[in-house]
Amino acid sequence: MSFVGSSEFSHAQPDAIGVLLVNLGTPDQPKPGALRRYLREFLSDRRVVEIPRLLWMLILHGIILRTRPKKSAHAYASIWTPQGSPLRVFTEGLAQQLQQKMATDFGGNLIVDYAMRYGTPSMTDKLQSLCDRGVRKLVVLPLYPQYAGSTTASTFDALARDFMQRRWLPDLRFVMAYYRHPAYIAALAQQVRAWRAEHGEAELLVLSYHGVPQQMLERGDPYHCQCHATTRLLAEALGLRPEQYVTTFQSRLGRAKWLQPYTDATLKGLPAKGVRSVQVFCPGFAVDCLETLEEIGVENRDYFLGAGGQRYEYIPALNDSSLHVDALQQVLLQELRGWELPTDMGPAREQRYKGLLKASQPD
């Protein structure tokens with residue numbers, strides 16, 4: 001077995017601290033071919049779909065990859081920007097702004113970059129880039145505030161597989177979740193306040209999180225509990241009474257039972273209960289993507305208004321706003337505590353390595 005290194009490696013290279021933001025991923029283009037490649041990788045992950053492998057492969061390749069790419073491509077096209085997928089644009093913006101904001105605190109030896117769990121830029125490519133640039137201490141921050149096996153753990157799986165191939169592993173810190181971090185809660189609360197200051201309040205605030213199958217909760221996944229913890233802390237920060245907000249779960253796939261209440265069913269039923277205006281916010285999504293812009297912003301809006309609702313507003317995700325940058329900076333600074341870079345860098349250290357190598361050679 002051969003291990004990955006760098007053909008440009010030098011012991012004189014200054015050491016650096018690296019931060020890798022990891023998001024779920026996105027197709028490269030809003031076209032069926034690109035969607036097929038993306039969905040094949042995403043839906044082949046055993047963490048994402050836990051039903052028996054042979055059965056799922058038959059369903060995936062026999063049905064889903066034949067029918068879903070065209071439909072999904074149309075949905076992606078409706079949210080695509082001139083710069084590309086919103087998820088990639090906002091994630092890249094976050095990385096760039098964190099780099100600018102944090103680099104001076106570490107003497108210019110902090111490198112912030114981003115990768116996608118599925119699609120491009122891949123984790124393997126970005127990890128190699130960081131190692132090539134001298135990163136010897138690495139913080140990996142999956143952009144999932146609430147931990148789930150299908151998201152956070154899958155990111156760790158990919159990281160572990162990559163590390164199994166590497167010759168020299170960096171010191172590693174991995175952020176499992178930040179669902180109750182005070183800076184994150186404060187940023188969410190300020191996002192809602194700012195929207196309401198401009199647009200006014202609605203009767204009900206719907207806090208919609210991405211769903212997972214119910215069996216994941218029953219088998220010990222903490223995602224459901226962490227979502228409700230985020231809701232509780234956010235409601236407290238906003239001073240909301242229990243009747244002023246509700247937690248729901250969206251984006252279910254297949255016929256199995258998923259976490260409830262479902263966002264779409266909730267919105268369809270609210271007008272019959274006398275609720276005429278809602279604002280929907282998605283605290284589990286770091287940046288806007290298909291599930292927020294199209295599913296929440298368009299599809300569920302139609303459900304609510306079609307059922308008799310009168311006013312529907314989607315409050316955008318934190319995206320690459322200064323609120324989000326400041327919050328993630330606080331999360332990262334907490335993880336970076338105690339890490340100092342060595343001072344013996346440069347040609348002198350290279351000479352010491354050469355001296356040690358020469359001394360180790362037999363006469």
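The values are calculated or read from the model by the stated rules, or taken from the named source; none is laboratory data. The model shown is predicted, which means the values in this text are computed figures rather than measured ones. We place every Cβ from the backbone using ideal geometry, glycine too, and count neighbours over all the protein chains shown. Heads up: the accessible areas ignore ligands, DNA and RNA and are worked out on the full protein's heavy atoms, side chains in. Shrake-Rupley method; radii C 1.70, N 1.55, O 1.52, S 1.80 Å.
Name the residues whose placed amide hydrogens come within less than 5 Å of the amide hydrogen of residue 209, ignoring near sequence neighbours (fewer than 5 apart) on the same chain.
248, 249, 250
How big is the accessible area of residue 63 in square angstrom, nearest 10, if you roll a 1.4 angstrom probe over the protein chains?
The accessible area comes out at roughly 100 Å².
Kindly count the pairs of lysines across region 1-143 whose alpha carbons are less than 26 Å apart, treating pairs on different chains or eight or more residues apart as eligible. Please list the in-between numbers first.
On the way: 31/70; 31/71; 31/126; 101/126; 101/137; 126/137.
Count of close lysine pairs: 6.
Taking amide H positions as placed 1.01 Å from N in the peptide plane, with prolines and chain starts having none, which residues 5 or more places from residue 138, or on another chain, fall under 5 Å of its amide H?
Placed amide hydrogens put 18, 171, 172, 173 under 5 Å from residue 138.
Over region 179-333, what is the relative contact order in whole percent, taking alpha-carbon pairs under 8 Å and six or more residues apart? Let's see the in-between values first.
Details: 225 pairs, mean separation 49.3, N = 155.
Result for region 179-333 is 32 percent.
Evaluate the distance, in nm, between pseudo-label points positioned 7 Å from the Cα of residue 81 and of residue 101 along their respective Cα→Cβ axes.
Placing both labels 7 Å along Cα→Cβ, they lie 1.7 nm apart.
Taking the Cβ-Cβ separation of residue 244 and residue 71 as r and a Förster radius of 30 Å, what is the calculated FRET efficiency to the nearest 0.05?
Working: r = 36 Å, r/R0 = 1.19.
Efficiency for this residue pair is about 0.25.
Taking 22 Å as R0, compute the FRET efficiency from the Cβ-Cβ separation of residue 302 and residue 256 and round it to 0.05.
Details: r = 25 Å, r/R0 = 1.14.
E(calc), rounded to 0.05, equals 0.30.
Could you give the Stokes-Einstein D for region 280-330 in µm² per second, using the C-alpha Kirkwood radius, 10 °C, 1.306 mPa s?
Values: Rh = 12.0 Å.
Result for D is 133 µm²/s.
Please give the Cα centre distance for region 164-231 versus region 238-270, rounded to the nearest Å.
15 Å
Just one of (1) 92, 44, 38; (2) 90, 49, 42; (3) 61, 45, 40 is Cα extents along the principal axes in Å calculated from these coordinates, so which is it?
So the structure-derived entry is (2).
Roughly speaking, what is the stretch gain from residue 229 to residue 160, that is 0.36 nm per residue apart minus the C-alpha to C-alpha distance, in nm to one decimal?
Details: separation 69, 0.36 × 69 = 24.84 nm, distance 2.90 nm.
Result: 21.9 nm gained on full extension.
What distance in nm separates the two pseudo spin-label positions at residue 132 and residue 203, each 7 Å out from Cα along the beta-carbon direction?
My value for the distance between the label points is 5.8 nm.
Compute the angle between helix 223-238 and the longest alpha-carbon principal axis of the chain, please, reported from 0 to 90 degrees and rounded to the nearest 10.
Between the helix axis and the principal axis of the chain, the angle is about 70 degrees.
In deg cm²/dmol, rounded to 500, what helix-only [θ] at 222 nm does the chain give when every DSSP H run of at least 4 residues adds -39500 (n - 2.57) and the total is split over its residues? If you can, show how the numbers build up before the last one.
Details: 13 runs with 153 residues, N = 363.
Taken over the chain, the calculation gives -13000 deg cm²/dmol.
Let me have the relative contact order for the chain, percent, based on Cα pairs under 8 Å that are six or more residues apart.
Relative contact order of the chain: 22 percent.
For helix 154-163, report the angle its Cα long axis makes with the longest principal axis of the Cα atoms of the chain; keep it between 0 and 90° and round to the nearest 10°.
10 degrees
Under a point spin-label approximation (7 Å from Cα along Cα-to-Cβ), what is the residue 15-residue 313 distance to one decimal in nm?
5.1 nm
Taking Cα atoms, how many degrees apart are the long axis of helix 123-132 and the longest axis of the chain, rounded to 10 and kept between 0 and 90?
Value to nearest ten degrees: 30.
With a probe of 1.4 Å, find how much accessible area the chain has per residue, and write the answer as a whole number in Å². Intermediate values should be presented prior to the final figure.
Values: 17510 Å² over 363 residues.
On a per-residue basis, the chain sits at 48 Å².
So, with a 1.4 angstrom probe, what is the percent of accessible area on the chain that is carbon and sulfur?
Working: 9280 of 17510 Å².
Percent of accessible area from carbon and sulfur atoms in the chain: 53.
Using a Förster distance of 22 angstrom, determine the FRET efficiency expected from the C-beta separation of residue 215 and residue 58, and round it to 0.05.
Working: r = 20 Å, r/R0 = 0.93.
The computed FRET efficiency comes out at 0.60.
Over the heavy atoms of residue 57, what accessible area does a 1.4 Å probe trace out, to the nearest 10 Å²?
That residue has around 50 Å² of solvent-accessible surface.
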